[in-house]
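Asker: Before we start, here is the structure in question, set down as structure tokens.
Quick note: the coordinates plus some simple rules give every number you see, no bench work behind them. This is a predicted model, so every value here is computed, not measured. Cβ coordinates were reconstructed from backbone atoms using ideal geometry, including for glycine residues, and neighbour counts include every protein chain displayed.
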Amino acid sequence: SMGAGMTLVLCRLLQSRTLLSTSTENRGGINLGNPLGTRQQCPFGDYPHIQFRFACMFSSFIARDPLLQQWLTDAPTLDVPSFHCYGLGDEIVSPDRSAAAVALFQDPVIMTHGGGHLLPSAGPVRKALKAFLHSQQQI
């Protein structure tokens with residue numbers, strides 16, 4: 001789930017090519033030193049060939065930080081092809097948090113399962129992931 005959350009951030013970063021700076025106050029022991037809510041050019045801006053061809057996320061979520069939430073959600077939907085899987089019984093990343101992350105993508109492939117916070121090995125999920133990965137080989 002942490003990797004899926006970071007994948008979401010990287011997808012936004014690579015599509016928007018901007019960074020969202022945070023406040024000059026000390027946040028979590030790290031002084032980020034930039035004006036609240038300003039956008040900066042992303043260092044990847046000079047390297048347009050750096051992009052994801054697709055993304056696969058399990059139990060993804062939007063972080064609870066208000067500035068990060070705003071940066072992620074106040075932008076066009078992400079156009080990277082994506083596969084999302086989450087458990088309807090997940091007590092660590094609730095299904096509504098995963099669904100909110102999924103909503104940031106255009107035409108996402110979504111698989112849910114009845115379990116919790118786990119990578120399911122059930123046939124339907126494996127088949128859906130395999131089909132998604134095969135579809136990306138064709139592009």
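Asker: Tell me which helices (runs of 4 or more DSSP H) are completely within segment 42-139 and hold 3 or more residues being loosely packed, with under 15 Cβ neighbours inside 10 Å, or say none if there are none.
Answerer: Qualifying helices (runs of 4 or more DSSP H): 66-73, 123-137.
Asker: Also, quick follow-up: What pairs come out if I take residues in segment 105-117 that are under 16 Å from G89 (Cβ atoms) and pair them with residues that are surrounded by 15 or more Cβ atoms within 10 Å (Cβ to Cβ) and charged (D, E, K, R) whose C-beta lies under 6 Å away, six or more apart or interchain?
Answerer: Partner pairs satisfying both residue conditions: G116/D90; H117/D90.
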